[in-house]
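The values are calculated or read from the model by the stated rules, or taken from the named source; none is laboratory data. This structure is a prediction, so every number in the text was calculated from the model and none was measured. Note: ideal-geometry Cβ built from the backbone for every residue, glycine included; neighbour counts use all protein chains shown.
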Amino acid sequence: MISRRVQVDEQALIALAKEGDADAFGELVWRYRDTVYTLAVRLVGPDLAADVAQEALIRAWRAMPRFRGEAALGTWLHRITVNTAWTMRKRAARHETQQLDEAVFDQAVDHATSPEKAGEMIEVRAGLRSAIERLSPGQRAVLVLRDVYGWSHAEVARELGITHTTAKVRLHRARKRVRVLLEEQS
Amino acid sequence: MSRFICRMANTVPGGSRLTSWFDGHRERCLRCQADAARLRGVSRDLGGLEGEMLSAPGGLHTQVMATLPPQDASNPRRPLLMRVIARWATGIGVAVATLAAVVGRRARRRV
């Protein structure tokens, strides 16, 4: 019941934002800022993530009249974030060697994790994050979108402007590289 | 030889017509199956990261709201091909302008 009310509220906010209501859009930004920022961190690292998230949300505001509601707002924002991160990747390349700040991830909240498994999962996730950091930007983007967010190969290819085959090859290589890096860590 | 085939099979993703022979090998070879299982494990572990949510910087909301431009219904996902074309067009434009300036200066000198 509550979820349906939130959904209805969101539809109302979207309708208002499409008509140029900045306050309604502000509420949507408040609701989605963490998901947009999290995706940005995974794609470009924490140094550039805030810039990518800000640019993506501004692009979303400019484009709100085009939003037809065919996909969920969260999905639409994710696509814009990916495109923004990808077009800003030259700046991201300068930060390629940066180490992701562990403190950034220490604040990560996972509502689906039981306390018993938390310790084990923290270790596994730290290893995965470290391995993802060491991938090339292209491999990282494909791996994050496909394996972390569950996008289809077609969606990944379309959003990154690469062919279906390239997406599959990059994913295969990225998974292999991550596996090798995880084995090195252990 | 078998190890070499395994290596070849592991360098290409499956599922395409070109690699169908390797797909057949992967179905029969225990070493390749073990390798594929490890990759599936990596993929499964990565899927676990989806539930992990980071907190956006405190100032993000304020910064976004302070810099909202007018709505113009522009395409939020700029087509990458258009960006490449725009870059090339800019480069060609600059080159043509430079050439025109050089030719113009030489013509003036002759006059």
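Among residues of segment B:3-17 that are surrounded by fewer than 14 Cβ atoms within 10 Å (Cβ to Cβ), those with a Cβ under 7 angstrom from a residue that is modelled with pLDDT of 75 or more and not basic (Lys, Arg), sequence gap 6+ or separate chain, pair up as B:Met8/B:Phe22.
Close Cβ contacts (under 6 Å, 6 or more residues apart or on different chains) running from residues in segment A:18-37 that are free of Cβ contacts under 8 Å to residues at least 40 places away in the same chain to residues that are of a type outside the set (A, V, I, L, M, F, W, C) and part of a helix (DSSP H, G or I) comprise A:Val29/B:His61; A:Trp30/B:His61; A:Arg33/B:His61. Scanning segment A:11-50 for residues that are among the small types (Gly, Ala, Ser) and more than 7 Å from chain B (Cβ to nearest Cβ) yields A:Ala12, A:Ala15, A:Ala17, A:Ala24, A:Ala40, A:Gly45, A:Ala49. Restricted to segment A:149-183, and to residues that are within 16 Å of the chain's Cα centre (by Cα) and closer than 15 Å to B:Leu49 by Cβ, which residue is surrounded by the most Cβ atoms within 10 Å (Cβ to Cβ)? Checked segment A:149-183; the qualifying residue surrounded by the most Cβ atoms within 10 Å (Cβ to Cβ) is A:Trp151. Quick test of your reading of the structure: A:Ala53 fulfils all but one of (1) at the interface with chain B (Cβ under 10 Å from one of its Cβ atoms); (2) surrounded by fewer than 19 Cβ atoms within 10 Å (Cβ to Cβ). Name the failing condition by number. The one condition A:Ala53 does not meet is (2). Pairs linking a residue in segment B:22-34 that is at negative phi to a residue that is among the small types (Gly, Ala, Ser), with Cβ atoms under 7 Å and 6 or more positions apart or on different chains, are B:Phe22/B:Ala9; B:Phe22/B:Gly14; B:Asp23/B:Gly14; B:His25/B:Ala9; B:Arg26/B:Ala9; B:Arg26/B:Gly14; B:Arg26/B:Ala36; B:Cys32/B:Ala9. Within the option set A:Glu102, A:Glu184, A:Glu123, A:Glu116, being more than 9 Å from chain B (Cβ to nearest Cβ) and modelled with pLDDT of 80 or more holds for one residue only, A:Glu184.
Residues in segment B:32-49 that are under 15 Å from A:Asp34 (Cβ atoms) and surrounded by fewer than 17 Cβ atoms within 10 Å (Cβ to Cβ): 0 in all.
Cβ separations smaller than 9 Å between residues 6+ apart or across chains give the following pairs from segment B:56-69 residues that are more than 7 Å from chain A (Cβ to nearest Cβ) and without any contact (Cβ under 8 Å) to a residue 12 or more places away in the chain to residues that are in a helix (DSSP H, G or I) and crowded, with 16+ Cβ neighbours inside 10 Å: B:Gly59/A:Ala50.
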